[in-house]
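Notes follow the structure.
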């Protein structure tokens, strides 16, 4: 295969691949069905790509899932960031970073 050259003058940006975005949107759909989230926003930047989930449209995001490839060899490129901006979980893989959010969907079932 040949090499892919960026367009001249156009800044490079970080994005989610199909499997990552599918995993994030699957979690988002389950949170919407549970009535916890109502809106989302996706931001692609030169340094990071982020997915923000909102309880209501007109407020700060409840959680942000951020991908920063520059931190891949240090702290891990994935981060779960809370409403106040604190990093709640960081890791090299997406699954363990999303685990605290997926735990919110679990419910105790009586026998």
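Points to keep in mind about this one:
- For first residues located in the range 92-109 and at positive phi and surrounded by 13 or more Cβ atoms within 10 Å (Cβ to Cβ), partners that are at pLDDT 90 or above and in a helix (DSSP H, G or I) and lie 6+ apart or on another chain with Cβ distances below 8 Å do not occur.
- Residue tally, condition at negative phi, out of contact with any helix residue (DSSP H, G or I) (no Cβ under 6 Å at 6 or more places or on another chain) and not in a strand (DSSP E or B), over the range 28-68: 22
- Within the range 75-87, tally of residues that are at pLDDT 90 or above and either in contact with a helix residue (DSSP H, G or I) (Cβ under 8 Å, 6 or more places away or on another chain) or exposed (fewer than 12 other Cβ atoms within 10 Å of the Cβ) (or both): 3
The values are calculated or read from the model by the stated rules, or taken from the named source; none is laboratory data. Everything quoted here is computed from the prediction, not taken from an experiment. Neighbour counts are summed over all protein chains in view; Cβ atoms, including those assigned to glycine, are modelled from backbone coordinates with ideal geometry.
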